[in-house]
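The values are calculated or read from the model by the stated rules, or taken from the named source; none is laboratory data. Given the structure is predicted, the values throughout are model-derived calculations rather than measurements. Reconstructed Cβ throughout: ideal geometry from the backbone, glycine too, with neighbour counts over all protein chains shown. Side chains included, ligands, DNA and RNA excluded: accessible areas come from the protein's heavy atoms. Shrake-Rupley method; radii C 1.70, N 1.55, O 1.52, S 1.80 Å.
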Amino acid sequence: MIDPVVELSICFALALLFAAAAWHKVSDRVRFGATVGAYSLLPPWLVSPVARVLPLLEACIAVGLVYPPTRSAAALAAVPLLTLYTIAIAANLARGRREIDCGCFASSARVPLSKWLLLRNGILIVGSCVLLLPIRTRALVWVDGATIVMTLTTLSLLWATGQRLAQTGPALRHFGGVR
Amino acid sequence: MIDALLISNGVLWLLVIGLALTVLALTRQVGLLHERISPVGALSPEAKIKVGDPAPELALIDLHDHPVQIGGASKDESRTLLFFLSPTCPVCDTLLPTVERVARTEVPRVRVILASDGLPDEHRAFVAEKRISHLPYILSAPLGMTYGVAKLPYAVLIDANGIVAAQGLVNTREHLESLFEAQRRGVASIQDYLEEKAK
């Protein structure tokens, strides 16, 4: 049983995340295609169609999460998609290819692959799974609204900070060589 | 209502833990930065007057016709920063306010003397444009030659006893500060310090 406030917070946060991810992928489609290719997990003829379908899927999930009747379906769809990303990153990390761009968001903020991305995706998958749990019914009051808004704001800021850390951390590793 | 407050409190704690973890990650990165980035220092080329040598005592007249004494023990325990510059060097230009600011914050006191050579008119215009008429400004080719200044901007720090404490090519604030740092640590230059540390 989860509280509706927890459910709504996670749901809106994930919706925002997927919407942002989809937007960045569509706005720079050429680069995203190259990024998908750089993961070198797909045969070349599949790269372009996959690069087109992925942002579309993300956009559908974002919309589905906001609309209550389709919420659990969207959450259910988010789990395999995130798992797919995680496996793709893990596979390239296992090959030792840390330098390629994650391709998760805007091309201006290149994030190299690292184990932090796996942890991050793990948290997102857990979040999506929580949405599948049964929800307790109770009347929502104004405090709940405030909680949701504040949670979303804080999560967005934390996300931005984490993104920066994932960017500068590996850059630091290059500096002065690996210990 | 109590439910809403309880949930709000729970969510708040989770966010605080998230924030704390982020701060921890940040401090780790700051720590790494401290460890990895060694101090940069002013480049000290082979100089005519070595660090530790007494600065030649020179009595000169500055651009504003005031007498200026360089070298020798100072009467008021102040140090001297000789800053060699040229109106045509853009780095000197941008570094000038920094020189003043750094000199002002240093304890004990630092007397800044600007040095250059060339035609007085050109330098008078430069002084007026940069509003540095309160600083002694010396035009003397022999002064530059005495210290073997080949590249600009070049700075020489002379301590209160008239001994050259540090000198080098300064391109940034860090370089300039390294001169004072070198004096504090009693080494000829930051490069020497790093070499010693590596041994």
Query - Distance between modelled label sites at A:Val143 and A:Val66, nm, 7 Å Cα→Cβ extension - result: 2.9 nm
Requested in this report: Measure nothing fancy, just the Cα-based angle from helix A:115-130's long axis to the longest principal axis of chain A, in degrees from 0 to 90, nearest 10.
Outcome: 30 degrees
Query raised in the report: Taking only Cα atoms, what is the 0 to 90° angle, nearest 10, from helix A:44-66's long axis to the longest principal axis of chain A?
Result: 20 degrees
Query - Å² per residue, accessible surface of chain A at 1.4 Å - result: 53 Å²
Query raised in the report: Can you give the FRET efficiency for A:Met1 and A:Gln167, using 1/(1 + (r/R0)^6), R0 = 45 Å, r = Cβ-Cβ distance, to the nearest 0.05?
Result: 0.75
Requested in this report: At 20 Å minimum axial length over the Cα atoms and a Kyte-Doolittle cut of -0.5, report the qualifying DSSP H helices in chain B, or say none.
Outcome: B:2-36, B:90-105
Report task. Just tell me how shielded A:2-14 is by partners: mean number of partner chain Cβ atoms within 10 Å of each residue's Cβ, no decimals. Result -> 2
Query raised in the report: Could you list, bin by bin from short to long, the percent of Cα-Cα pairs of the stretch A:1-52 in 5 Å steps?
Result: 4, 19, 18, 14, 12, 10, 9, 9, 4, 0
Query raised in the report: Dividing the alpha-carbon radius of gyration of the stretch A:110-162 by 2.2 N^0.38 Å (N being the number of residues), what value is obtained?
Result: 1.50
Requested in this report: Taking each pair of different alpha-carbon atoms in the stretch B:98-164 once, compute 1/r for the pair, average those values, and report the inverse of that mean as the Kirkwood hydrodynamic radius in Å to one decimal.
Outcome: 13.4 Å
Requested in this report: Can you tell me the FRET efficiency between A:Leu84 and B:Leu26 if r is taken as the Cβ-Cβ distance and R0 is 41 Å, rounded to the nearest 0.05?
Outcome: 0.85
Query raised in the report: About its Cα centre, how strong a charge dipole does the stretch B:49-124 have in debye, to the nearest 20, once Lys and Arg get +1 and Asp and Glu get -1 at the Cβ?
Result: 340 debye
**Report entry** FRET efficiency estimate (nearest 0.05) - Cβ-Cβ, B:Leu6 to B:Arg173, R0 45 angstrom
**Finding:** 0.30
Report summary line: Along the dipole axis of chain B (charges at Cβ: +1 for Lys and Arg, -1 for Asp and Glu; origin at the Cα centre), the most positive-end residue among B:Gly144, B:Ile2, B:Gln167 is B:Ile2
Query raised in the report: Taking 1 over the mean of 1/r across every pair of different Cα atoms in the protein assembly as shown, what Kirkwood radius in Å do you get?
Result: 26.1 Å
Query raised in the report: Volume per residue, Å³, of the convex hull around the alpha-carbon atoms of chain A?
Result: 127 Å³
Report summary line: Measuring from the longest principal axis of the C-alpha atoms of chain A, the long axis of helix A:71-94 (C-alpha) lies at a number of degrees, nearest 10, equal to 20 degrees
Query raised in the report: What is the mean number of Cβ atoms from other protein chains located within 10 Å of the Cβ atom of each residue in peptide B:2-11, rounded to a whole number?
Result: 6
**Report entry** Quarter of Cα convex hull surface for chain B, i.e. mean projection, nm²
**Finding:** 17.1 nm²
Requested in this report: With a 10 Å radius around each residue's Cβ, average the other Cβ atoms per peptide and rank B:94-104, A:73-83, highest first.
Outcome: A:73-83, B:94-104
Query raised in the report: In chain A, what percent of the accessible surface is made up of carbon and sulfur (1.4 Å probe, ligands and nucleic acids excluded)?
Result: 74 percent
**Report entry** Mean ellipticity per residue at 222 nm, deg cm²/dmol - from DSSP H runs of n ≥ 4 across chain A, formula -39500 (n - 2.57)
**Finding:** -25500 deg cm²/dmol
